[in-house]
Amino acid sequence: DADEGSVQFMPTVQDIESAERIFKMCLKTSKIDKDGVIADSTRIQAPSEYFRQYLGYKNKMGEKVILLNCFIKSAVPKDETWKKEIIAFKDGGNNYFSVHINLATNDCFSFFVNGGA
């Protein structure tokens, strides 16, 4: 969930490229965020196997944050509703994960991987 007092914005291509770069860096270093959650690359499949949704919001400090929503390509309905609607999976293990990426601080937080079915 976005912080209270946050404002949505539409991410630019540059925002998305930055978010991807920061996320890869967090995975590579197994970055531990302020909530004590590790961005653990061993808990997800290869990032290229996932479709992505990018949801932008500005936190109460006015910093741009991207919520990166990822779901495994093979698990997505063929009708492509995912291009228009936010997807949330209840189970399916690491077929789904999400992470918040703060573009101002080059930081990842709230890394979430679905539990098993």
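The values are calculated or read from the model by the stated rules, or taken from the named source; none is laboratory data. All values reported here derive from a predicted model rather than from experimental measurement. Because the Cβ atoms are built from the backbone with ideal geometry, glycine has one as well, and the counts that use them run over all protein chains shown. For the accessible areas, the whole protein counts, side chains as well, though only heavy atoms, and no ligand, DNA or RNA atoms are used. Shrake-Rupley method; radii C 1.70, N 1.55, O 1.52, S 1.80 Å.
Here are the numbers for this structure:
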| item | result |
| --- | --- |
| Cβ pairs under 9 Å, 6+ apart, first in the stretch 35-53 and free of Cβ contacts under 8 Å to residues at least 12 places away in the same chain, second loosely packed, with under 15 Cβ neighbours inside 10 Å and of a type in the set (A, V, I, L, M) | none |
| Residue that is modelled with the lowest pLDDT, among those in the stretch 1-10 that are open to solvent by 50 Å² or more (accessible area, probe 1.4 Å) and more than 14 Å from the chain's Cα centre (by Cα) | 3 |
| Matching entry among 65, 99, 13 (being exposed (fewer than 11 other Cβ atoms within 10 Å of the Cβ) and at pLDDT 90 or above) | 13 |
| Subset tally (residues that are open to solvent by 50 Å² or more (accessible area, probe 1.4 Å) and assigned to a helix (DSSP H, G or I)) for the stretch 16-56 | 11 |
